[in-house]
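Only one structure is covered here, and it is reproduced in the block below.
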Amino acid sequence: MTTKAMTPSPLQQRGLTGRRSSGEPGKVQQRAQDREKDVKALQQRVEAINRSADEAVRDSEKIFTELIHLIEKRSSEVKQKIRSQQKTQVSQAQDLEEKLQQEL
């Protein structure tokens, strides 16, 4: 199993680990340009990660808001049904009470 510490990074693979070489000036300039490209690529990656996380947060907030509204709606419907059944049962009980009193 290869660990991250044992695997050379892209910078190490290109020889961009901060060691100065006694090579040609063109190589030094190329390494500097490569490093700038690597930095820019990392910055773009960070921006992409941040955008993705922001979008995920917005999506989850929207979903939870919709769930809350749905739960509130269902709760209201259940309360109304309970009250409707209560009204029907009370009315039936009162009708029966009146009928019993008339028989007395």
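A short reminder: the numbers here are calculations on the coordinates, not readings from a lab. Computed from a prediction, not measured in an experiment: that's the story for all the values here. Every residue, glycine as well, gets a Cβ built from its backbone with ideal geometry; the counts of neighbours run over all protein chains shown.
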Task: Dimensions in Å of region 21-73 - Rg and Dmax from alpha carbons - done: 22.6, 74
TODO: For LYS27, go through the lysines and keep the ones whose alpha-carbon is under 30 Å away, minus same-chain ones fewer than eight residues off.
DONE: LYS4, LYS37, LYS40
Task: Proximal lysines to LYS99, defined as alpha-carbon separation beneath 24 angstrom and excluding residues fewer than eight positions away on the same chain - done: LYS87
Open item on the list: Under 25 Å between alpha carbons, and skipping anything fewer than 8 positions from LYS62 in its own chain: which lysines qualify?
Closed with: LYS73
TODO: Obtain the nm distance between the two label points defined at LEU100 and LEU67 by a simple spin-label model: each point lies 7 Å from its Cα along the Cα-to-C-beta direction.
DONE: 4.8 nm
Open item on the list: Just want the answer: with Cβ charges of +1 for Lys and Arg and -1 for Asp and Glu, which residue in GLN30, THR65, LEU42 is farthest toward the dipole's positive end in region 23-103?
Closed with: GLN30
